[in-house]
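The next block holds one structure in the form of structure tokens; read it before the comments.
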Amino acid sequence: MLSKKIQDALNEQVKIEAESSQVYLAMASWAEIQPGINNITSFFYRHSDEERMHMLKLIHFINDRGGFAVVPQLPQPPLTFPSITHAFKQLLEHEIFVSESINKLVDIALQEKDYATHNFLQWYVAEQVEEEALARTLNDKLELIGDDRGGLYLFDRDILMVSVEGEAGA
Ligand code: OFO
């Protein structure tokens with residue numbers, strides 16, 4: 001059985017994962033109307049789906065442990081971006097924020113001596129390491145490219161090989 005404190009903290013994380021999904025969905029929709037970046041667009045759509053999966057995993061865990069997962073109200077995310085580079089910078093900042101939130105959650109689980117939740121959260125800890133590393137790599141590449149349109153063409157081609165959680169890829 002979940003304590004009220006853990007349940008509330010997990011529900012807060014449900015909201016953060018849902019927000020992540022919305023933020024990346026907004027990036028995907030914006031990218032889709034920019035010319036020539038189909039693979040970047042599909043990366044954002046896949047990333048949004050992945051965040052929804054993270055949210056669902058939490059919802060099932062809360063309910064399976066005798067709690068009640070609350071479907072949250074969400075603020076509207078940013079709808080447009082000054083450039084692809086800006087969108088990817090926001091993605092990295094967002095992932096860092098999510099990692100901090102997961103770390104706080106792990107702390108609460110330890111304080112409450114809820115070892116099942118602590119164990120469950122380890123998946124998210126590992127996932128955040130991967131997501132931050134991926135976001136950093138993509139930001140580094142974009143920094144190298146600068147304003148070079150040919151570079152962006154290659155970036156869009158190469159991002160095809162980037163896998164998000166649960167998919168095959170390089
Ligand atoms: Fe849910 O992993 Fe990104 O935010």
How many nm is it between the label spots at Asp8 and Leu110, if each spot is 7 Å from the Cα in line with the beta carbon?
2.2 nm
Spin-label model distance (nm) - Asp147 vs His60, 7 Å beyond Cα toward Cβ
4.9 nm
Where the centroid of each part is defined by its Cα atoms, how far is the stretch 61-81 from the stretch 8-24 in Å?
5 Å
I'd like the chymotrypsin sites (Phe, Trp or Tyr not before Pro) in the stretch 1-103 restricted to DSSP loop residues with at most 13 other Cβ atoms within 10 Å, sorted by number.
Phe68
Residue-normalised value, i.e. accessible area per residue, for the chain at 1.4 Å probe, in Å², stands at 55 Å²
Quick one: pull the percent of accessible area on the chain belonging to carbon and sulfur, 1.4 Å probe, ligands and nucleic acids left out.
55 percent
Using DSSP to define loop residues, name the trypsin sites (Lys or Arg not before Pro) in the stretch 78-153 whose beta-carbon has at most 11 other beta-carbon atoms within 10 Å.
Lys113
Restricted to pairs 8 or more residues apart or on different chains, the lysines in the chain with C-alpha atoms under 27 Å apart form a number of pairs equal to 18
If the elastic network links every pair of Cα atoms under 10 Å, which of Ala109, Ala26, Ala126 fluctuates the most in the Gaussian network model of the chain?
Ala126
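Computed FRET efficiency, Cβ-Cβ of Ser42 and Asn119, R0 41 Å: what is it to the nearest 0.05?
Taking R0 as 41 Å, the efficiency between Ser42 and Asn119 is 0.75.
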Please calculate the 1.4 Å probe accessible area of Ile108, with all protein chains present, and give it to the nearest 10 Å².
40 Å²
Between the stretch 36-50 and the stretch 125-163, what is the separation of their alpha carbon centroids in Å?
12 Å
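Grab the Cα-Cα distance for Ile33 and Arg157, subtract it from 0.36 nm times how many residues apart they are, and report the gain in nm with one decimal.
That pair, Ile33 and Arg157, stretches by 42.9 nm at full extension.
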Per residue, the convex hull enclosing the alpha carbons of the stretch 53-170 has a volume in Å³ of 125 Å³
For labels at Phe97 and Gln73 in the simple 7 Å Cα→Cβ model, what's the distance in nm?
1.9 nm
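The values are calculated or read from the model by the stated rules, or taken from the named source; none is laboratory data. In this text, all values refer to a predicted model and were calculated from it rather than measured experimentally. Positions of Cβ are generated from backbone atoms using ideal geometry, with glycine treated the same way; all protein chains shown enter the neighbour counts. Heads up: the accessible areas ignore ligands, DNA and RNA and are worked out on the full protein's heavy atoms, side chains in. Shrake-Rupley method; radii C 1.70, N 1.55, O 1.52, S 1.80 Å.
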